[in-house]
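The values are calculated or read from the model by the stated rules, or taken from the named source; none is laboratory data. Worth saying up front: this structure is predicted, and the values here are computed from it rather than measured. Note: ideal-geometry Cβ built from the backbone for every residue, glycine included; neighbour counts use all protein chains shown. Only protein heavy atoms, including side chains, enter the accessible area calculation; ligands, DNA and RNA are left aside. Shrake-Rupley method; radii C 1.70, N 1.55, O 1.52, S 1.80 Å.
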Amino acid sequence: MPTDARERIHNLLRAMPTRGLDAAKRLFWTELNYDRVAEPLSSRYWGSKRAREALAQEPQLLAQHGADGGRFDIIYIKLAADEVGRGFPLSLSAERAVIEQLLNNHPYALFLFSDEQERYWHLVNVRYAPDAKRRRIYRRITIGPEERLRTACERVSLLDIESMQGDLFGLSPLAIQQRHDVAFDVEAV
């Protein structure tokens, strides 16, 4: 990825705590080249009351890539004001409860969480452990006013759709998910 593109990504990550969802939209729509969607997702039929109560508003399908063969989704979730964690303004247990509900209809996705003021953010990738139990592993990139964001910028830059190699039929959701799995695996760096 060219240096100027990486600098724009860094600037948008830095802007998210002040410009909120507008900066996130620009990041995914313009810099990372996902298709614009911006439509609400209903939580009405979720089986988990805990997950519904964790929301400040309905989740939003922010962006996606793919076609009839399947899609990879970017889903934005604003958590309710009282959903705070230990040592950070976002509750990890609330995030897990919401993700568990969303995975039913969005198996290939990146989950973008914010607090109610859109100052603190988690980009959450879910991958499955290689063992036979299909245990989920949650990896997060944290964005906030105090974060330095150098590593976040390097990892998020890997998510650019145009940098991924597709075949004649385009990129499969699984191929995009695998790239996200690599980008969020900072231990492999």
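Need the full-extension length gain, D185 to Y138, defined as separation in residues times 0.36 nm minus the C-alpha distance. One decimal, nm.
Here the segment from D185 to Y138 would lengthen by 15.9 nm.
I'm a student and want to see the number: the projected area of the Cα convex hull of region 1-80, averaged over all directions, in nm².
6.7 nm²
Give the peptides 39-45, 59-65 in descending order of average Cβ contacts within 10 Å, highest first.
My ranking of the peptides, most packed first, is 59-65, 39-45.
Relative contact order of region 1-52: what whole-number percent is it, with Cα pairs under 8 angstrom and at least 6 residues apart?
23 percent
How high is the relative contact order of the chain, given as a whole-number percent (alpha carbon pairs under 8 Å, six or more residues apart)?
22 percent
Taking every Cα atom in region 92-150, find the radius of gyration and the maximum pairwise distance Dmax, and write them in Å.
12.9, 40
Within 10 Å, count the other beta carbons around each residue, average over each peptide in 24-33, 46-55, and list them highest first.
Per-residue mean Cβ counts within 10 Å order the peptides as 24-33, 46-55.
Using a 1.4 angstrom probe on heavy atoms only, work out the carbon and sulfur share of the accessible area of the chain in %.
Summing carbon and sulfur atoms, their accessible area is 46 percent of the total for the chain.
Any idea how far apart E146 and E7 come out in nm if each label point goes 7 Å out from Cα toward Cβ?
3.0 nm
Using just the C-alpha positions of region 41-81 as equal point scatterers, what log10 of I(q)/I(0) does the Debye formula give at each q in 0.20 1/Å?
With no solvent term, the Cα-only Debye profile gives -0.67.
Rounded to the nearest 500 deg cm²/dmol, what is the calculated helix-only ellipticity per residue at 222 nm for the chain, with -39500 (n - 2.57) per DSSP H run of length n ≥ 4?
It lands at -9000 deg cm²/dmol.
Using a probe radius of 1.4 Å on heavy atoms only, what accessible surface per residue do you get for the chain? Whole Å² is fine.
Per-residue value: 53 Å².
So how far apart, in nm, are the two label points at S42 and D131 if each is 7 Å from Cα heading toward Cβ?
My value for the distance between the label points is 3.8 nm.
Which order do peptides 8-20, 136-148 fall in by mean Cβ count within 10 Å, highest first?
Final packing ranking: 8-20, 136-148.
Given region 26-155, what whole percent of its Cα pairs are spread farther than 17 Å?
60 percent
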